[in-house]
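Quick notes on the structure that follows.
What follows is calculated from the coordinates using simple rules that are stated; it is not laboratory data. Quick caveat, the model's predicted, so the values are computed rather than measured. Please note: Cβ atoms are built from the backbone with ideal geometry, for glycine as well, and neighbour counts cover all protein chains shown.
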Amino acid sequence: MIRTGTSLALTGAILVGALGLTGCAASEKDDGTGGQLKGGDIAIGASLELSGPTQSIGTAYKKALELQVDSINEQGGVLGGRKLRLIVKDNQTKPAQNITNVNDLINNDHVVAVITGGCSACTVPVTSIVEKRKVPLISLASATAITDPVAERQYTFKISPNPAQDAEVLLADLKKKGVKSVGLLNVDNPYGQEGRAAVLAQAKKAGIEVTGTQQFGQEDKDMSVQAKRLVDDRPEAVVVWAVMPAAGIIAKNLRDAEFDGGVYLDAGAGAELFVKGAQGAAEGVHMVFPRVLAIGDVTSGSESVRNQKQWVERYTDTYRDYSGFASFGADAALMLRNAIAESGSTDGPELRDTIETIGFDGVSGPIRNSAKEHSGLQPESLGVLVVRDGDWHLAN
């Protein structure tokens, strides 16, 4: 059974969760390692894309993690006042470097948990490492293979939505608008391939014709050839499954090909990074993403919405522009804080068990893990957004 916090209290514009900031440390283990030393700082590791093709996303994650950890510490830390200590390493958007980083964080920095960035291909290979070492991992990437099958991913969790969730919301919106045909362009990596399969399946279910499909390499800098081929097939809309900077380049390529139909992005497209990268070509583009990115349009006065608005305000005050990816980073830190406070421990198996059974309302939306599902962001968190006047708004 999932234990769900009744609410999230936000003090000083930071989510702190229904679980108390201090907790009983009866089960705390003093094993002599730096990250878990009883009474000392609690080390949390992060291996992020701070260079390479998706460095803009990794940098947004880093900012959110630092802000959330600082805020947790300002509120008193955990386990009777112990501080969280965030150790960040650059994985260079390379699987091999991510493996090196995760091993280093566990073996030399003695972290109690690891957070990995948005590169799905970088994260899948390290799941076997954390399973062997019994160290919880929270991924900010999207591919379902990161957490499935759960029986082989007991210590691995993720926050961002599954591609199947994105595709279902996106195609349902297209069907509602009466769109009869779409073209599909995706990046040729595990993330893009899963998105491609999900879009094709949902299009078939919705009775929408896929007029053509194209792919591009993760390192490609121009997709004009693929864009023109899709436009020549005359679809009413084009679905783009790509992260930044590719998503912005594709939007420009479609505009240059004189495509006048709808452009729909999945949640990996980059949020505000996409708007900046696509510039004028971003106007009118749609994207599936947690509604927090357009929180200014949300009129609900619920506590969770008030908390989201305060987090966005704090992040914006600190960094000027709000990053849609910030919600995932913030929730990763909050998930670990809640698990440490609830379990009263930094022991890997105890943290794992607690992460699997507690639920909370995060910045991204409600997150509910279980023994059968380690990708806990709930579908109701997602909405279809649209760029209007250079900013994201709720489309409906």
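Go through ASN369, ALA237, LEU48 and say which Cα lies farthest out towards the positive end of the charge dipole of the chain; charges sit on Cβ, +1 for Lys and Arg, -1 for Asp and Glu.
About the Cα centre, the residue reaching furthest to the positive side is ASN369.
What does the net charge come to around ASN189 if you take all other residues with beta carbon closer than 15 Å to its beta carbon, with K and R at +1 and D and E at -1?
Here the charged neighbours net out to -4.
Mind putting a number on the dipole of the chain about its Cα centre? Charges go on the C-beta only, +1 for Lys and Arg and -1 for Asp and Glu, and I need it in Debye to the nearest 20.
260 debye
Eight or more residues apart or on different chains, and alpha-carbon atoms under 17 Å: count the Lys pairs in region 168-300 matching that.
12
Determine the dipole magnitude for region 165-250: charges of +1 sit on the beta-carbon of Lys and Arg, -1 on that of Asp and Glu, nothing else is charged, the reference point is the Cα centre, and the result goes in debye to the nearest 20.
380 debye
Check cross-link reach from LYS372 to the lysines: straight Cα distance under 19 Å, and skip same-chain residues fewer than eight apart.
Of all the lysines, those that pass the test against LYS372 - Cα under 19 Å, at least 8 places apart if same chain - are LYS134, LYS158.
With each run of n ≥ 4 DSSP H residues scored as -39500 (n - 2.57), what mean residue ellipticity at 222 nm is computed for the chain after dividing by its residue count and rounding to the nearest 500 deg cm²/dmol?
-11500 deg cm²/dmol
Taking the dipole about the Cα centre of region 110-215, with the C-beta of Lys and Arg at +1 and of Asp and Glu at -1, give me whichever of ASN186, VAL126, ALA198 is farthest to the positive side.
My answer, from the dipole projection, is ALA198.
Sequence-distant or interchain residues sharing an amide H contact under 5 Å with ARG85, placed H: which?
Under 5 Å from the amide H of ARG85 lie the amide H atoms of ILE42, ALA43, ILE44, each far enough along the sequence or on another chain.
List, in order, the whole-Hz ³J(HN,Hα) value for each residue of region 363-370 obtained from phi through the Karplus relation with A = 6.51, B = -1.76, C = 1.60 and θ = phi - 60°; use x for Gly and Pro.
Working through the residues one at a time gives 5, 6, x, x, 10, 9, 7, 7 Hz.
Count the net charge of all other residues whose Cβ sits under 13 Å from the Cβ of MET335, scoring Lys and Arg as +1 and Asp and Glu as -1.
0
GNM on the chain, C-alpha springs below 10 Å: top fluctuator among ALA151, ALA64, ALA46?
Judging by the Gaussian network model, the answer is ALA151.
Please state the relative contact order of region 185-251 as a whole percent: Cα pairs under 8 Å, 6+ residues apart?
The normalised contact order for region 185-251 reaches 41 percent.
Only counting other Cβ atoms within 10 Å, I'd like LEU385, LEU137, LEU200 sorted with the fewest neighbours first.
Ranking LEU385, LEU137, LEU200 by Cβ neighbours within 10 Å, fewest first, gives LEU200, LEU385, LEU137.
Excluding same-chain residues fewer than 8 positions from LYS63, which aspartates and glutamates have a Cα within less than 15 Å of its Cα?
Within the straight-line cut-off, LYS63 pairs with GLU49, ASP90, GLU272, GLU313, ASP317, ASP321, ASP331.
Highest mean first, how do 226-232, 240-246 rank when packing is the count of other Cβ atoms within 10 Å averaged over residues?
Put in order of decreasing packing, that is 240-246, 226-232.
Could you list HIS393, HIS286, HIS374 so that the one with the fewest beta carbons within 10 Å of its beta carbon is first and the one with the most is last?
The fewest-first ordering by Cβ neighbours comes to HIS393, HIS286, HIS374.
If I model a spin label at SER300 and ASP104 as a point 7 Å from the Cα along the Cα→Cβ vector, what separation in nanometres do I get?
The two pseudo-label positions are separated by 4.2 nm.
Output wanted: per-residue J couplings in Hz (rounded whole) for region 340-352, from phi through Karplus 6.51 cos²θ - 1.76 cosθ + 1.60, θ = phi - 60°, x for Gly and Pro.
5, 5, 5, 7, x, 8, 10, 5, x, x, 5, 5, 4
Within the set of other residues whose C-beta is less than 11 Å from the C-beta of SER302, count the net charge using Lys and Arg as +1 and Asp and Glu as -1.
0
If one takes the longest principal axis of the Cα atoms in the chain, at what angle in degrees, from 0 to 90 and to the nearest 10, does the Cα axis of helix 303-319 lie?
90 degrees
Calculated from the structure, volume of the Cα convex hull per residue in Å³ equals which of (i) 135; (ii) 119; (iii) 174?
Of the labelled values, this structure produces (ii).
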